[in-house]
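Read-outs: derived from the displayed coordinates by stated rules, not from any lab. None of these values were measured; they are calculated from a predicted model. Glycine gets a Cβ as well: all are built from the backbone with ideal geometry, and neighbour counts include every protein chain shown.
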Amino acid sequence: MSLSLKMEIDTVEDVACLNPELLQLPEVSPFALKTTPLLVDDLFSQWLSLPETGNLVKSLINDAKAGTAVNACANFSNVNAVGSNSLPSMFSSVNAPPLSPRSSSGSPRSSKLKSSPSALGSPLKLFSDPMQEVIPQFYFQNGRPPTKELKEQSLSKINHLFNNPLNGLLIDEFKTVTKEVCKLPSFLSSALFRKIDVDCVGIVTRDAFVTYWVDGNMLTMDVATQIFEILKRPGNRHLTQVDFRPILRELLATHPGLKFLQNTPEFQDRYAETVIYRIFYHMNRSGNGRLTRRELKRGELISAMQQADEEDVINKVLRYFSYEHFYVIYCKFWELDTDHDFFIDRENLIRYGNHALTYRIVDRIFSQAPRKFAGDVEGKMGYEDFVYFMLSEEDKSSEPSLEYWFKCIDLDGNGVLTPNEMQFFYEEQLHRMECLALEPVLFEDILCQIIDMIAPEREDCITLQDLKGSKLSGNVFNILFNLNKFMAFETRDPFLIRQEREDPTLTEWDRFAHREYIRLSMEEDVEDASNGSADVWDESLEAPF
């Protein structure tokens, strides 16, 4: 075989290996070329029969013989320029359907073209680089600047409220600005005032407020971020319990539903502490005492604050701020704290709920397995620790409660509850049933019942995620260490079932606190009545005949 013939055959074979899509025929879609091989062969045969194609092949062979560089792209450009109108056409120029739009970026085909072009080139249309799309700025380190219209509206209200000879407002006059301009709860007024009045001069001028609220882009932040920035101390990226004290003091001083506490500052402090503990129990899921902005946004505190600001009856604000809920928690703690040193020990806690808990679970609580105690007294639980315990005990449907009790039952801390661990706690329950002459339920039957309730991914262990995915998880813990609630669950009290159906929005804690408040109120009324009758009796004894 001669060299020229061999090179001509090789060239034709190379061209025959071209991807049909590389032809870029304006009148034929790439889909039609792929799905119709006969059409491709026919078009390729017709292209090979063109005079220009023969000239091209001969030119390439002559260049190769002469040892000159083969410039296939230039030759193809000449062919296209001369013979582009002679390509075979399937459609007339008038009735040709439009091609689908092509993109030169983001497709595997375009990357293939760029990375591995054909050695002989191809009659492709040259695509210009896509126009660079300008992405608008979406991150602002100090918050998104307000629009011109929003800024003008805000400045109009500010000018109206600050229109006085002082060109500023005192702390007692600042509440209107907090409500009308900032759209925040009124009991945040003092905290916002002090945030702006950094020099403690006792007055906030118009310019100082505009600098902080408008120029500082606080105007465009969401409410949770606004409150977070107002409450947090400089340099911190989180909120602590101390940061909430100013707004609780103002709430106690201004809310009509809490005015009766103004003559009892001790109970004001206890109420504020209880509210703060409840906030961190539900929202600070990491348990490190540092409430982040993300945790603040995910919780219900903002809506509870707004409700407390609008509602005159504080007991209707069930989330965090209800005085009845505080009263129930504090009275329970006071009943157990027999020496009133504001600490309770194991023997005190075992009396909780009419001795409902087992000794083994109480020992786990005092070993600080679920939570490290806030106090420093060895073997003693403080008020904050008791709030966490009581909220967990009375509402085992909440995620903080499930995490609390899961840590108690997980003896080895490996993140799963095994049958051996559950049996360890249930043994004491079984012994108590026998002592009370109740029909004992074997652990094997209890384990089957627990598996049916939780439906874990693995039957040999239960994870925290398994518990969070079941509505009956709280009953599992009652079975293991709370005999009274275990018996109530077995008997299915119809009164409690009807109560739950009447208002499904109430939590287990809400229902418990309501029942306990009524009971405690009735006991106090009876005590007052008995004291009153005793006074009357004493007076009658001292009266002369």
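In terms of the Cα gyration tensor, with a ≥ b ≥ c the square roots of its eigenvalues, is the range 204-296 rounded because a/c is under 1.5, prolate because a/b exceeds b/c, or oblate?
Since a/c reaches 1.5 but b/c is at least a/b, the shape of the range 204-296 is classed as oblate.
Based on Cβ point charges of +1 for Lys and Arg and -1 for Asp and Glu, what charge dipole magnitude is obtained for the range 142-221 about its Cα centre, in debye rounded to the nearest 20?
For the range 142-221, the charge dipole is close to 260 debye.
Please report, largest first and rounded to whole Å, the three semi-axes of the ellipsoid equivalent to the range 323-521, where each semi-axis is the square root of five times an eigenvalue of the C-alpha gyration tensor.
Working through the eigenvalues yields semi-axes of 26, 21, 17 Å.
Quote to one decimal, in nm, the extra length available between residue 411 and residue 468 on full extension: 0.36 nm per residue of separation minus the C-alpha distance between them.
18.6 nm
Magnitude of the Cβ-charge dipole of the range 348-400, K/R +1 and D/E -1, about the Cα centre, nearest 20 debye?
Details: 7 positive and 9 negative charges, 43 e Å.
The dipole of the range 348-400 has a size of about 200 debye.
Give the relative contact order (percent, whole number) for the range 256-308; include only Cα pairs under 8 Å separated by 6+ residues. List each step's numbers first, then the result.
On the way: 20 pairs, mean separation 10.2, N = 53.
Rounded, it is 19 percent for the range 256-308.
Putting +1 on Lys and Arg Cβ atoms and -1 on Asp and Glu Cβ atoms, find which of 185, 212, 156 reaches farthest to the positive end of the dipole of the range 142-221.
Result: 185.
Roughly speaking, what is the stretch gain from residue 266 to residue 172, that is 0.36 nm per residue apart minus the C-alpha to C-alpha distance, in nm to one decimal?
Once the chain is fully extended between residue 266 and residue 172, it gains 31.4 nm.
Pop the C-beta distance of residue 484 and residue 225 into the FRET formula with R0 = 51 Å and round what comes out to the nearest 0.05.
Approximately 0.70, to the nearest 0.05.
At a threshold of 8 angstrom on Cα-Cα distance, excluding pairs fewer than six apart, so keeping six or more, what relative contact order does the range 323-521 reach in percent?
24 percent
State, as an integer percentage, the relative contact order of the range 142-221 based on alpha-carbon contacts under 8 Å between residues 6 or more apart.
43 percent
For the pair residue 376/residue 346, report the inter-label distance in nm, with labels modelled 7 Å from Cα in the Cβ direction.
2.4 nm
In units of 2.2 N^0.38 Å, what is the alpha-carbon radius of gyration of the range 276-386?
Values: Rg = 16.1 Å, N = 111, 2.2 N^0.38 = 13.2 Å.
For the range 276-386, the normalised Cα radius of gyration comes out at 1.22.
Under a point spin-label approximation (7 Å from Cα along Cα-to-Cβ), what is the residue 423-residue 290 distance to one decimal in nm?
Result: 4.3 nm between the two label points.
Just give me a number: lysine pairs in the range 323-521, eight or more positions apart or cross-chain, with C-alpha atoms less than 14 Å apart.
Lysine pairs, 8 or more places apart or on different chains, close enough: 7.
Using alpha carbon centroids, what distance separates the range 403-471 and the range 202-268, in Å?
45 Å
How large is the convex hull of the C-alpha atoms of the range 142-221 per residue, in Å³?
Convex hull of Cα atoms, per residue: 84 Å³.
Give me the number: length gained by fully extending residue 259 to residue 492, i.e. 0.36 nm times residue separation minus the C-alpha to C-alpha distance, one decimal in nm.
Here the segment from residue 259 to residue 492 would lengthen by 79.7 nm.
In nm, to one decimal, how far is the residue 435 label point from the residue 53 one, both placed 7 Å along Cα→Cβ?
About 10.0 nm, to one decimal.
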